[in-house]
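The values are calculated or read from the model by the stated rules, or taken from the named source; none is laboratory data. Given the structure is predicted, the values throughout are model-derived calculations rather than measurements. Please note: Cβ atoms are built from the backbone with ideal geometry, for glycine as well, and neighbour counts cover all protein chains shown.
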Amino acid sequence: MAIKIFKNFFKRIISNLFKNKKEIKLGFYGPPNAGKTSLANRICKDFTGEEIGTVSKIPHETRKVQFKEKVEISYKGKKMTFKMVDTPGIATKIDYEDFLKFKMSKKDAKERAKEATQGVIESIKWLDDMDMVVVVLDASENPYNQVNITIIGNLVARKIPVLIVANKIDLKKTDIKKIEAAFPEYEVIGISAKYGDNLEEFYESIFRLSKKV
């Protein structure tokens, strides 16, 4: 009997050790130019000293899934390890003509549109590998659109824990309440990835959400 109790106790200790070392796959999803890479960069820079990708004013700067392994986030004495996955912006329509206004050549614009379309497909495929997802939305834009509904719909179908980030609260046109009204079943955190505003509340929510994984 004593041996059995000892074995069960030992098994629990080993289980807890591995549970604490688990690397949670955290995906950043959202429409183009909402600030997914900016947020992922800030987190990775704060905790690893390195960024995950480049940002640009041109839509679909991120056209391939990029990730950083073993990002250990520390917050209020707690530590968790994440695999940060930054995904291409999801769009229902990508037209090469949209890139011409950024002074791209027709050839480059068509190539970017092709890569961006492939990126959207890749983003959706990677959803099956996510433990939890941060949906990054531009708080200065109307959240009621087909792209956002498509993203949330895919997450609901897969029963993936979600945190919605209303980014760009530094802009005057910001309206977080509109995002909260659009997706009342989810927690919405307003931040500025550009200036690092309200990241403490973001980390608090991430740690809370991780308990659902």
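Observations on the model:
- Tabulated pairs, the stretch 49-70, first on the phi > 0 side of the Ramachandran plot, second of a type in the set (K, R), C-beta under 7 angstrom, 6+ apart or interchain: H60/R112
- Of all residues in the stretch 175-196, those that are farther than 20 Å from M132 by Cβ and among the β-branched types (V, I, T) have Cβ atoms under 7 Å from Cβ atoms of residues that are at pLDDT 95 or above and not in a loop (DSSP other than H, G, I, E, B), 6 or more apart or on another chain, in I176/A166; I176/V188; I176/G190.
- Y144 within 28 Å of E180 (Cα to Cα), more than 16 Å from the chain's Cα centre (by Cα) and in contact (Cβ under 8 Å) with a residue 60 or more places away in the chain: no
- Number of the exception - S140 against (1) farther than 19 Å from V71 by Cβ; (2) surrounded by 20 or more Cβ atoms within 10 Å (Cβ to Cβ); (3) of a type in the set (G, A, S): (2)
- Of note, L171 satisfies the criterion of being in contact (Cβ under 8 Å) with a residue 12 or more places away in the chain and assigned to a loop (DSSP other than H, G, I, E, B).
- Verdict on A181 being in contact with a helix residue (DSSP H, G or I) (Cβ under 9 Å, 6 or more places away or on another chain) and of a type outside the set (D, E): no
- Filtered residues of the stretch 78-121 (kept if surrounded by 14 or more Cβ atoms within 10 Å (Cβ to Cβ), within 20 Å of I160 (Cβ to Cβ), without any contact (Cβ under 8 Å) to a residue 60 or more places away in the chain and out of contact with any Asp or Glu (no Cβ under 7 Å at 6 or more places or on another chain)): M84, D86, G89, G119, V120
- S123 being under 27 Å from L199 (Cβ atoms), in contact with a Ser or Thr (Cβ under 9 Å, 6 or more places away or on another chain) and not in a loop (DSSP other than H, G, I, E, B): yes
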